[in-house]
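This report refers to the structure that appears directly beneath it.
The values are calculated or read from the model by the stated rules, or taken from the named source; none is laboratory data. Since this is a predicted model, take the numbers as computed values, not measurements. Every residue, glycine as well, gets a Cβ built from its backbone with ideal geometry; the counts of neighbours run over all protein chains shown.
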Amino acid sequence: MTEILRVENLKKSYDGFLAVNGVSFAVKQGELKALIGPNGAGKSTCFNMLMGQLKPTAGEVFFDGARITGKRPREIWRMGVGRTFQITGTYQSMTVIENVQMALISHHRRLYSVLPRAWKLYREEAFEFLKTVSMQDQADRPCSILAYGDLKRLELAIALTHRPRLLLMDEPTAGMAPTARVELMQLVADIVSEQGVSVLFTEHDMDVVFAHAHHIMVLNRGELIADGSAAEVRANPQVQEVYLGGGTLFKEASHA
Amino acid sequence: MAFLFAQFLTGLANASSLFLVASGLSLIFGVTRIVNFAHGSFYMLGAFIGVTLMELLPGHVGFWGAILLTGLAVGAIGAFVEMVVLRPIYRAPELFQLVATFGVILVIQDLALMIWGAEDRLGPRAPGLRGVWRIFGEPVPKYDIVIIAITPFILFALWYLITRTRVGVLVRAATQDREMVGALGVNQAWLFTGVFALGSALAGWGGALQLPKGGADLLMDFNIIGAVFVVVVIGGMGSLPGAFIAAVLISVLNVLGVTYLPQSTLVLMFVVMAVVLIIRPYGLLGREEVAGEHGQVGAPETPIRPYGTTGQMLVIALLALLAALPLFADRFLLILMIDMVVFALFAASLHFILGSGGLVSFGHAAFFGGGAYAAALLVFHTDTPMELAFLFAPLAAGLLALGIGWFCIRLTGVYFAMLTLAFSQLVWSLAFQWREVTRGDDGLVNIWPSPWLSGTVPYYYFTLALGIGGILVLRHIIHSPFGYALRAGRDSPRQAEAMGIDVKRIQFAAFALAGVMAGLAGGIFVFSKGSVFPTELEIAASFDALIVVFLGGVKTLAGGVVGAGFMTVAEDWLTRLEYWRLVLGLVIIAVVIIAPEGIVGSLRRLWTRLRGTDEEALQ
């Protein structure tokens, strides 16, 4: 498998405080990889540097071999990286399908076009994306009245519109009911296996992480302390220390 | 050198009042996030109440006692305004509070006229401080020296209050996070009222302290508000030392400007502000605004839709009526309709960037007046044929918008509003002071259309075609991908950037387009009146457009147009009354509090309720 994302020695310091201290890792093509860690470990800081919302203090980020360090979010998006946010940022004054159409309009580079009516453009295509996340029944509802879980699914549909090769998801299931979490992550896992998209996500819910992620990375105090399969991460003494102060961690038997 | 020093002292003395007023405004903004346009009115009230009290109370004790009492009185008035007008709308978007405070300005203006009359009052001299002291041989009024000596103590007292007392801790905490302070059991409502009262009192003291140097008149409120905003913005919103430094800077510059560059006094202040904001976008000692709070009033904005068959029929019927109007209307009605269409296009162009783009511009008159002046200058100086000169109105306004937008678009929220205001003041002062070219306040006259358009009826149709045409073009663009991208950037800039939209560039293009349309309105305007004066570029003209958009309803597409229609008719009626400002101000305040969705928004809500097709009802 080829590497789609490569991060080298990434650092971010705020007035001397190192929020992220020399993180290096890679995400392979078609991989579903999780980045976990306690609160304040630097997960979101890391994410924001990957997608260009934050400028790293040092280090490099490569997407598909091309250097994207310090590029703007919109440039990185155009190269084929999608992203969803911890707190959804959908367009409240548009309908569900218009939110998807907006992304398609941008993808097809029609942002400065003033002649056509926007809601007529790419409607069919947008509808197909809504189908992949089972939101087609709500296509014409105003976005402002959606339930939170539906907003998360809509955001996923939006992130898929430019057929990204890599998807960055910051806490995709935060604030959702347990059953909805499992459903959403199953959806993401299906998309990974069907479309060959690579996904990197952060998550607090360990059930979600250990049930779906192919590989798991653990971040603590700005440093990566583990990077491997679920079993390897579970067995890692440092990870156990961080999460349980030395106790056993996420036993498979816990489901029994 | 001695002369220069004396000038410097005069500047310092002038800075005292300015600092008091500005620190009050800064304090109010810091805590309540309200940009209080009525602050100049409190300053004016301070002057008038001060004069009255000084006449009543004799001697040394009387003079200084009157100043003290004035502040307390103005503070009480401020508290009253805060409780009645502002308290109901704290959760509303910034624009609502701005408009409400503008209503307060109008009300106070007419109340002051009722109580104190139209004549200017000369302030009494301070007892015992009538003469001058010689400093390096130059005469400096004793009162100036005393004020210069007092001001640092006031700054220190304020600084002590804010940084060293429990009240100050609460105030600073509220500046950082209002909700948290509320959650800690502090009665926010009273904290806000208290801060507003203190801020108003400071303005009142500023008004009273300047009495021996100036006096009291009914234009004081608008005359100082520009300078006060410049000071607060240069110093950094919410920073007391910043306000002090900026007040000194502006006052000294002003005094020197009057002496050495009398042609540029008005421009100077705004040039300084523009330069500071370009280098330090949040002022000398200001901090970057944490993403402005945007409260919601009523229901969230509904997705936009083109009119259904009923709506389209109504629009067509209205257009048919307008087209048939010359058949039965008299000349005066036609002229009123021309005014209305011009104003509607102007308002629609502002509504385009404000409603769809979320860009609250305080200087939109620069493009309306700029377009009018561009055409008028060509006709006046080079006898350009009307048809060609007319084309230059939207063209020049668009170029002006490109230039101004280049500086302003990088800022957001209040700072964006202030910088647009500064640039429009710059344009205004050019028109006002560059007499060789613009003839100053004599205006440019004899700017008439070509013979084929010189009749009222032909010009009416000309206005209808271009004015309504412009409005329809704007409407169409709102529904186009470009309009959607503009709204996307307003709804969630972060999401928009993360889907490939260059938000600032889209806003820049929209700003320029709005400029073109405002310039078009200005072009129609100038040839219908045959003249143009600097008043078309004044702050008040920009505010008129803001109020109209707001009255019509920011969240509705027809808001600007309907508001303009309403305002033209209402003004036509109201200005026949003696105290029309009072009525208009009360109407504005009432609309803000009772119908914050504006005319169109409220009508639409009524309509959906009657038909019962609310989205919620479907569930």
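Go over the candidates B:Gly50, B:Gly103, B:Gly62, B:Gly75 one by one and state the one that is touching a strand residue (DSSP E or B) at 6+ places or on another chain (Cβ under 8 Å), on the phi < 0 side of the Ramachandran plot and either surrounded by fewer than 22 Cβ atoms within 10 Å (Cβ to Cβ) or part of a helix (DSSP H, G or I) (or both). It is B:Gly50.
Residues to consider are A:Glu125, A:Glu171; find the one that is at pLDDT 90 or above, surrounded by fewer than 22 Cβ atoms within 10 Å (Cβ to Cβ) and away from chain B (no Cβ under 13 Å). Explain how you work it out, then say what you get.
Numbers: A:Glu171 fails: at pLDDT 90 or above.
That would be A:Glu125, the only listed residue that is at pLDDT 90 or above, surrounded by fewer than 22 Cβ atoms within 10 Å (Cβ to Cβ) and away from chain B (no Cβ under 13 Å).
Counting only helices (runs of 4 or more DSSP H) wholly contained in the range B:500-619, the ones carrying 2 or more residues that are within 18 Å of the chain's Cα centre (by Cα) occupy B:503-529, B:539-552, B:559-574, B:580-594.
Give the range B:394-404 a look and list any residue that's within 19 Å of B:Gln425 (Cα to Cα) and either touching a Leu at 6+ places or on another chain (Cβ under 6 Å) or modelled with pLDDT of 95 or more (or both), or say none. I'd like the intermediate steps shown before the answer.
Going residue by residue through the range B:394-404, those that are within 19 Å of B:Gln425 (Cα to Cα) are B:396-404.
The answer is B:Ala396, B:Ala397, B:Gly398, B:Leu399, B:Leu400, B:Ala401, B:Leu402.
Looking at the range A:62-90, which of its residues are within 12 Å of chain B (Cβ to nearest Cβ) and part of a strand (DSSP E or B)? Those that are within 12 Å of chain B (Cβ to nearest Cβ) and part of a strand (DSSP E or B): A:Val81, A:Gly82, A:Arg83, A:Thr84.
Pick from the range B:466-486 the residues that are farther than 17 Å from A:His107 by Cα, of a type outside the set (A, V, I, L, M) and in a helix (DSSP H, G or I): which of them is nearest to the other protein chains (Cβ to nearest Cβ)? Don't jump to the end; show me each part of the working.
First, pick out the residues of the range B:466-486 that are farther than 17 Å from A:His107 by Cα: B:466-479.
If we keep only those that are of a type outside the set (A, V, I, L, M) too, we end up with B:467, B:469-470, B:475-476, B:479.
Within this subset, residues satisfying the condition of being in a helix (DSSP H, G or I) are B:467, B:469-470, B:475-476.
Details: B:Gly467: 20, B:Gly469: 15, B:Gly470: 14, B:Arg475: 11, B:His476: 7 Å.
The residue in question is B:His476.
Considering only the range B:487-499, state which residues are facing chain A (nearest Cβ under 7 Å) and in a helix (DSSP H, G or I). Steps first, please.
Taking the range B:487-499 as the starting set, the residues that turn out to be facing chain A (nearest Cβ under 7 Å) are B:487-488, B:491-492, B:494-495, B:497-499.
B:Arg487, B:Ala488, B:Asp491, B:Arg494, B:Gln495, B:Glu497 - these are the residues of the range B:487-499 that are facing chain A (nearest Cβ under 7 Å) and in a helix (DSSP H, G or I).
Yes/no per residue for (1) closer than 23 Å to B:Gly358 by Cβ; (2) touching a residue at least 60 places away in the same chain (Cβ under 8 Å):
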| site | (1), (2) |
| --- | --- |
| A:Gln53 | yes, no |
| A:Pro56 | no, no |
| A:Val61 | no, no |
| A:Thr69 | no, no |
| A:Pro73 | yes, no |
| A:Ile76 | no, no |
| A:Val81 | no, yes |
| A:Thr90 | yes, yes |
| A:Val96 | yes, no |
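Take the conditions under 22 Å from B:Ser492 (Cβ atoms), within 11 Å of another protein chain (Cβ to nearest Cβ) and touching a Gly at 6+ places or on another chain (Cβ under 9 Å) and apply them to A:Ser93. Does it pass?
Details: under 22 Å from B:Ser492 (Cβ atoms): yes; within 11 Å of another protein chain (Cβ to nearest Cβ): yes; touching a Gly at 6+ places or on another chain (Cβ under 9 Å): no.
So A:Ser93 fails the test.
The conditions of being touching a residue at least 40 places away in the same chain (Cβ under 8 Å), surrounded by fewer than 16 Cβ atoms within 10 Å (Cβ to Cβ) and within 21 Å of A:Ile97 (Cβ to Cβ) are met by A:Arg163. A:Thr161 meets the conditions (1) touching a Leu at 6+ places or on another chain (Cβ under 7 Å); (2) at pLDDT below 90; (3) facing another protein chain (nearest Cβ under 9 Å) in every case but one. The failed one is (2). No other residue among B:Val516, B:Val532, B:Val526 is buried (at least 21 other Cβ atoms within 10 Å of the Cβ), of a type in the set (A, V, I, L, M), in contact (Cβ under 8 Å) with a residue 12 or more places away in the chain and touching an Asp or Glu at 6+ places or on another chain (Cβ under 9 Å) apart from B:Val526.
Filter the range B:446-465 for residues that are assigned to a helix (DSSP H, G or I) and within 22 Å of B:Ala344 (Cα to Cα) and give the result. So that I can check it myself, show each step before the final result.
Step one: filter the range B:446-465 for residues assigned to a helix (DSSP H, G or I), giving B:451-453, B:456-465.
Across the range B:446-465, the qualifying residues are B:Leu453, B:Thr456, B:Val457, B:Pro458, B:Tyr459, B:Tyr460, B:Tyr461, B:Phe462, B:Thr463, B:Leu464, B:Ala465.
Evaluation of A:Arg141 against the conditions (1) buried (at least 21 other Cβ atoms within 10 Å of the Cβ); (2) within 24 Å of A:Ser93 (Cα to Cα); (3) within 14 Å of chain B (Cβ to nearest Cβ) shows that the sole unmet condition is (1).
Quick grid of which residues meet (1) touching a Phe, Trp or Tyr at 6+ places or on another chain (Cβ under 7 Å); (2) aliphatic (A, V, I, L, M); (3) surrounded by fewer than 20 Cβ atoms within 10 Å (Cβ to Cβ):
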site	(1), (2), (3)
B:Leu426	yes, yes, no
B:Gln433	no, no, yes
B:Gly443	yes, no, yes
B:Gly483	no, no, no
B:Arg490	no, no, no
B:Asp502	no, no, yes
B:Ala512	no, yes, no
B:Leu537	yes, yes, no
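The residues listed here are B:Val526, B:Val516; of these, the one that is more than 26 Å from A:His107 (Cα to Cα) and within 14 Å of chain A (Cβ to nearest Cβ) is B:Val516.
For every residue, the table says whether it meets (1) surrounded by fewer than 24 Cβ atoms within 10 Å (Cβ to Cβ); (2) of a type in the set (Val, Ile, Thr); (3) within 14 Å of another protein chain (Cβ to nearest Cβ); (4) in contact with a Phe, Trp or Tyr (Cβ under 7 Å, 6 or more places away or on another chain).
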site: B:Ala521; (1), (2), (3), (4): no, no, no, yes
site: B:Asp544; (1), (2), (3), (4): yes, no, no, no
site: B:Val562; (1), (2), (3), (4): yes, yes, no, no
site: B:Phe566; (1), (2), (3), (4): yes, no, no, no
site: B:Val569; (1), (2), (3), (4): yes, yes, no, no
site: B:Glu578; (1), (2), (3), (4): yes, no, no, no
site: B:Leu582; (1), (2), (3), (4): yes, no, no, no
site: B:Val600; (1), (2), (3), (4): yes, yes, no, no
site: B:Leu603; (1), (2), (3), (4): yes, no, no, no
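Considering the range A:96-120, the residues that are touching a Leu at 6+ places or on another chain (Cβ under 8 Å) and at the interface with another protein chain (Cβ under 7 Å from one of its Cβ atoms) include one that is nearest to A:Ala139 (Cα to Cα), namely A:Ile105.
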